[in-house]
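Undergrad: Got a structure for you, questions after.
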Amino acid sequence: KWIVFLDDDDELIPEYLQRIKDATQSYEGCAAVWTGARVIQKEDGSVTVRERTFPGSYSSAKYLIKDLLSIGLGFGFAIDRNIFNYIGRFDDKFSVGEDTELFFRLISKGYIPRPIPGVGVIKHEEHDNRLSSNYEIYSRENVYSRIFEKHKSGFCRKWRYNYIHMLMWSYRLHRNYGNEDFELSDFNT
């Protein structure tokens, strides 16, 4: 009934699957969930561990969506199989950013995922060349520009705060990687 995503360099905390089951039974009409992560990183020969967690409730859906759009599937994301099939699974035109595009589509269809408080995943980011931290490819393939164009009549109009937040992220990303073709005026939705 539920699909739980797990990156090859991450691990689920043993009780997390039970926490998904409990959360989805207590959240009426729940379509998807995610959780916090313990992130293990190695930089300059030293290992650091930090935790990124999310509150159990938000004062506004826009702040919940902002947090959702800042993660990927590696944060213990789980989705109801029927909803995953209904919204169309992954768009294979995206070699990276397919999770963000999926989140835009999910929210555009009226499904707001909910966070499960605490840590449910250990993310091992001790190695180099991780695709999810290579933002140059996101810029080169204009991932966010393509997401905005695809969802301009749904997500970008209805969730203006979140669209503007993601637009600014995309702008900084392109500027950092020298994508001179990117202009904010291109995204007047």
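Undergrad: Conditions first: (1) open to solvent by 60 Å² or more (accessible area, probe 1.4 Å); (2) out of contact with any helix residue (DSSP H, G or I) (no Cβ under 9 Å at 6 or more places or on another chain); (3) of a type in the set (D, E, K, R). GLU136 passes all but one, so which condition is the exception?
TA: Going through (1) open to solvent by 60 Å² or more (accessible area, probe 1.4 Å); (2) out of contact with any helix residue (DSSP H, G or I) (no Cβ under 9 Å at 6 or more places or on another chain); (3) of a type in the set (D, E, K, R) one by one, GLU136 breaks only (2).
Undergrad: Show me the strands (runs of 3 or more DSSP E) entirely contained within segment 1-118 in which 3 or more residues are without any contact (Cβ under 8 Å) to a residue 60 or more places away in the chain and surrounded by fewer than 18 Cβ atoms within 10 Å (Cβ to Cβ).
TA: Working: elements: 2-4, 10-12, 32-43, 46-52, 78-80.
Filter on segment 1-118 gives 46-52.
Undergrad: Only one of these is of a type outside the set (Val, Ile, Thr) and modelled with pLDDT of 85 or more: SER139, SER185, SER145, SER132. Name it.
TA: Details: SER139 fails: modelled with pLDDT of 85 or more; SER185 fails: modelled with pLDDT of 85 or more; SER132 fails: modelled with pLDDT of 85 or more.
On inspection, the qualifying residue turns out to be SER145.
Undergrad: Has segment 35-48 got at least one residue that is on the phi < 0 side of the Ramachandran plot, touching a helix residue (DSSP H, G or I) at 6+ places or on another chain (Cβ under 6 Å) and at pLDDT below 95? Spell out the reasoning first.
TA: Pass one, segment 35-48, residues on the phi < 0 side of the Ramachandran plot: 35-43, 46-48.
Now drop any that are not touching a helix residue (DSSP H, G or I) at 6+ places or on another chain (Cβ under 6 Å), which leaves none.
Looking for residues that are on the phi < 0 side of the Ramachandran plot, touching a helix residue (DSSP H, G or I) at 6+ places or on another chain (Cβ under 6 Å) and at pLDDT below 95, one finds none in segment 35-48, hence no.
The values are calculated or read from the model by the stated rules, or taken from the named source; none is laboratory data. None of the values given here were measured: they were computed from a predicted structure. Positions of Cβ are backbone-derived with ideal geometry, glycine not excepted, and every protein chain shown enters the neighbour counts. To get the accessible areas, we keep the full protein, side chains included, count just its heavy atoms, and leave off ligands, DNA and RNA. Shrake-Rupley method; radii C 1.70, N 1.55, O 1.52, S 1.80 Å.
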